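Quick notes on the structure that follows.
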Amino acid sequence: MNTDLEALFSEAENRYLKPEELKGLTQYVESLPQRLETYCQIREKEVEIMQAVADQLPRHFPDPSTEDMERSIKNAMLMLRYCAMAMLINNDTLVKERFVDWLSQSMAMYDTQDLDKVLYKLLNQQLMKTLKPDQIKLIKSPLILAQTQLLNSSS
């Protein structure tokens with residue numbers, strides 16, 4: 001669940017929600033159909049998106065090892081899944097706490113930062129082609145968080 005909503009409900013156990021709290025709750029609830037649609041779109045198109053990225057990767061990053069390329073693509077797929085979930089529940093900290101901290105260690109160990117930079121660029125381009133502008137707006141925050149933190153932590 002969204003940690004802000006959890007805190008909101010917890011704090012308001014013995015009182016009614018304040019107008020500003022209701023406003024935030026209303027904004028989230030009203031955005032939920034779009035969040036669900038975006039999540040489902042990403043889920044349904046994940047293989048297509050990642051295949052397009054995988055097909056372009058050798059052209060933009062010549063001579064990567066097969067193992068590094070497969071590992072980076074799998075990691076990017078996991079990143080996309082975590083970002084989609086973070087977007088759905090409107091909780092970007094999910095990306096940092098459950099994904100970035102874990103994956104950054106693996107990326108540093110295998111030294112795939114240059115490959116990952118190219119892969120993320122291609123992934124972002126493919127998402128722009130696949131999703132509507134309002135869907136991009138929803139997924140952008142967790143994606144930027146994940147990508148910048150992963151690239152910064154592996155350098």
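The values are calculated or read from the model by the stated rules, or taken from the named source; none is laboratory data. What you are looking at is a predicted structure, and each value in this text was computed from that prediction instead of being measured. Cβ: placed from backbone, ideal geometry, glycine included. Neighbour counts: every protein chain shown. Side chains included, ligands, DNA and RNA excluded: accessible areas come from the protein's heavy atoms. Shrake-Rupley method; radii C 1.70, N 1.55, O 1.52, S 1.80 Å.
What the table below lists for this structure:
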read-out	value
Relative contact order of the chain, defined on C-alpha pairs under 8 angstrom at six or more residues apart (%)	32
Region 78-155: radius of gyration over Cα atoms, expressed as a fraction of 2.2 N^0.38 Å	1.06
Helix axis angle, 19-60 relative to the chain longest principal axis, alpha carbon, degrees	10
Net dipole in debye of region 1-66 [+1 Lys, Arg Cβ; -1 Asp, Glu Cβ; about Cα centre; nearest 20]	100
Label-point separation in nm, residue 34 to residue 48, each point 7 Å along Cα→Cβ	2.2
Full-stretch length increase - residue 128, residue 23 - with 0.36 nm per residue and alpha-carbon distance subtracted	34.8 nm
Charge dipole (debye, nearest 20) of the chain; +1 at Cβ of Lys and Arg, -1 at Cβ of Asp and Glu	380
Accessible area of residue 136 in the full protein assembly, 1.4 Å probe (Å², nearest 10)	30
Max mean-square fluctuation residue, GNM over the chain, Cα-Cα springs under 10 Å, options 54, 12, 76	12
Reciprocal mean inverse distance between Cα atoms of the chain - Kirkwood radius, Å	16.7
Along each principal axis, Cα extent of region 1-93, largest first, Å	62, 21, 17
